[in-house]
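Remarks on the structure that follows.
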Amino acid sequence: MSKLKDTSVEGNNKINSVAIIMDGNGRWAKKRGLSRTEGHRAGAKVISTVIKLFREYGVHHLTLYAFSTENWKRPREEVDAIMELIYFYIDEHVIPAIKEQGDLCVKFIGDKSALPKSLREKCIEAEELAKDRPFVCNVALNYGGRDEIIHAANRAIADGHTLLSEELLSRYMYTYPSPDPDMIIRTGGDLRISNFLLWQSAYSELIVIDTLWPDFSRSDVDRCVTEYFSRHRRFGGLDPEDQ
Ligand code: FPP
């Protein structure tokens, strides 16, 4: 029996779309007397395991917050190190995984135009390898929720639309056609959304855990999923017993 079936007895019956704010790399490194870059490197190492674990739970869309539109404010050295790390991660892990696994594709969401040219081209290379596969990993890179909404509205206007609707604007979001996240996890304990998926998070279950991202492990994934299945999603309506 799959884990999805094991845990679906309470509350919700499926989990299809998950998003993660991977926070705490810097604190993880500081605790060990390492550089922040070492923290990001350790953070990158857990990503493929986390993808595997969520796939075991039946998730088909995973959105990871790798670099925000505000992260450019960090010291130049740290920004350069993150860009380089992501480049090599795509080259050494993402592209081989897409080639080996027939059901996986990756999409980079955010404004690619400000990325270093080599990284931008590497992102496009990975995206072009496969599209419309059953498991989609959206990597938010130079991503901001407000930027996404403005970008979507401008594209809709450029396409000649004069009246926007929720349904229409949703189709212009970077994340389209992935469904809105059922659950958004934030590691590192901070209780904020940090400009992540502002449009899509309207009815997502928010789960904050203290674990720092590089320490995020199977037991944390299990805890988050158990917490998700214990919640009653009402989408603004009422539970059946209260109707
Ligand atoms: C937040 O931790 C993390 C980031 C800004 C970068 C996330 C990047 C990775 C996990 C590595 C590479 C990603 C991919 C997709 C290969 P923080 O630095 O804000 O930590 P702190 O809150 O402890 O300072």
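Only the coordinates and a few stated rules stand behind these numbers; no lab work does. Given the structure is predicted, the values throughout are model-derived calculations rather than measurements. Glycine gets a Cβ as well: all are built from the backbone with ideal geometry, and neighbour counts include every protein chain shown.
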_Under a Cβ-only charge scheme (Lys and Arg +1, Asp and Glu -1), can you give me the dipole magnitude of the stretch 148-243 about the Cα centre, in debye to the nearest 20?_
240
*lysines near K14 by alpha-carbon distance under 16 Å, same-chain residues fewer than 8 away left out - which ones?*
K3, K5
*Fewest first, what order do R76, R192, R120 take by the number of other Cβ atoms within 10 Å?*
R76, R192, R120
_Cα shape, the stretch 59-183, gyration tensor, a/c 1.5 rule_ = oblate
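At a 10 Å Cβ-Cβ cut-off, how would you order W199, W28, fewest neighbours first?
On the way: W199 18, W28 23.
So the residues, fewest neighbours to most, are W199, W28.
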*Gap separating the Cα centres of the stretch 38-116 and the stretch 147-192, nearest whole Å*: 20
*Which value, in debye to the nearest 20, describes the size of the charge dipole of the chain about its Cα centre when Lys and Arg Cβ atoms bear +1, Asp and Glu Cβ atoms bear -1, and nothing else is charged?*
560
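For the pairs K31/K107; K30/K122; K52/K107; K30/K73; K52/K131; K45/K107, note any where the Cα-Cα span goes beyond 22 Å. Don't skip to the end; give the middle numbers.
Numbers: K31/K107 33 Å; K30/K122 30 Å; K52/K107 17 Å; K30/K73 20 Å; K52/K131 19 Å; K45/K107 19 Å.
Distance filter (> 22 Å) returns K31/K107; K30/K122.
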*Using 7 Å Cα-to-Cβ label points, what is the R218/R234 separation (nm, one decimal)?*
3.7
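Full-extension gain between E70 and H151, please, as 0.36 nm times their residue separation minus the C-alpha to C-alpha distance.
Working: separation 81, 0.36 × 81 = 29.16 nm, distance 1.62 nm.
Net length gain for the segment: 27.5 nm.
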*asked:* For a quick check: with amide H placed at 1.01 Å from N, whose amide H comes under 5 Å from T63's, ignoring anything fewer than 5 positions away on the same chain?
replied: V18, A19, I20, N138
*Farthest toward the dipole's positive end in the chain, which of I98, H232, S201, given Cβ charges of +1 (Lys, Arg) and -1 (Asp, Glu) about the Cα centre?*
I98
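Arrange K30, K107 by Cβ neighbour counts within 10 Å, fewest through most, would you?
Details: K30 14, K107 19.
Placing the least packed residue first, the sequence is K30, K107.
Please sort through the DSSP H helices of the chain and keep those with an alpha-carbon extent of at least 30 Å along the long axis and a Kyte-Doolittle average not below -0.5. Working shown, then result.
Values: long enough: none.
Counting only whole DSSP H runs, no helix qualifies.
If each DSSP helix of 4+ residues adds -39,500 (n - 2.57) and the sum is divided by the residues in the chain, what number results at 222 nm, nearest 500 deg cm²/dmol? Present the calculation step by step, with values, prior to reporting the outcome.
Working: 10 runs with 97 residues, N = 243.
The helix contribution divided over the chain gives -11500 deg cm²/dmol.
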_Farthest toward positive dipole pole in the chain [+1 Lys/Arg, -1 Asp/Glu at C-beta], among F67, T175, A19_ = F67
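I need the semi-axes of the equivalent ellipsoid of the chain: take the C-alpha gyration tensor, multiply each eigenvalue by 5, square-root it, list largest first in whole angstrom. It would help to have the intermediate numbers written out before the result.
Numbers: eigenvalues 146, 117, 68 Å².
Each semi-axis is the square root of five times an eigenvalue, giving 27, 24, 18 Å.
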